[in-house]
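In what follows, a structure is listed as structure tokens, so that the remarks can point back to it.
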Amino acid sequence: MSEWKEWNGRDEQIAEIKNTKNGYIVRRKSGEEVCFLSIEYKCRYDDVVSYWIIPDDPLREMKIRQALTGQPVWMRRPTWLNEPNNKGHRWIYHEPTCKPIWDLPDTEYSFTEFKEEV
């Protein structure tokens, strides 16, 4: 989980920022936040007090596209069966929505309708 970290400018912090995959944000003494989406270390501010490494998110591109376009998203998630002859799970399919809940556990998301598994 990402969190704001106090900036001290040590080599290990610079290495962490240089090795980030998605970029980082710095917070200056004034409270201004500056976002760097490039993996190249560019921050040259002398008044940085903390930084945030942007976490990896496998749904990042889908979330951005959906937010920009309003395109409906299909969702499905498993429900676990405890019946004697039905071990495992079956899928619960949701109607497409323009306001997807992105943090449901074990949920799959798609811009096209899922084909039901039999």
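Summary of computed values
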{"item": "Under-5 Å amide H pairs with residue 50, H placed in peptide plane, nonlocal only", "result": "7, 27"}
{"item": "Long-range amide H partners of residue 36 with built H, under 5 Å", "result": "24, 25, 26"}
{"item": "Per-residue ³J(HN,Hα) for segment 10-18, Karplus 6.51 cos²θ - 1.76 cosθ + 1.60, θ = phi - 60°, Hz, x for Gly and Pro", "result": "6, 4, 5, 5, 4, 5, 4, 5, 5"}
{"item": "Over 32 Å (Cα to Cα) - which of 18/99; 29/99; 63/115 fall in this group", "result": "18/99; 29/99"}
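Values quoted throughout were computed directly from the atomic coordinates according to the rules given, and no laboratory measurement underlies them. Quick caveat, the model's predicted, so the values are computed rather than measured.
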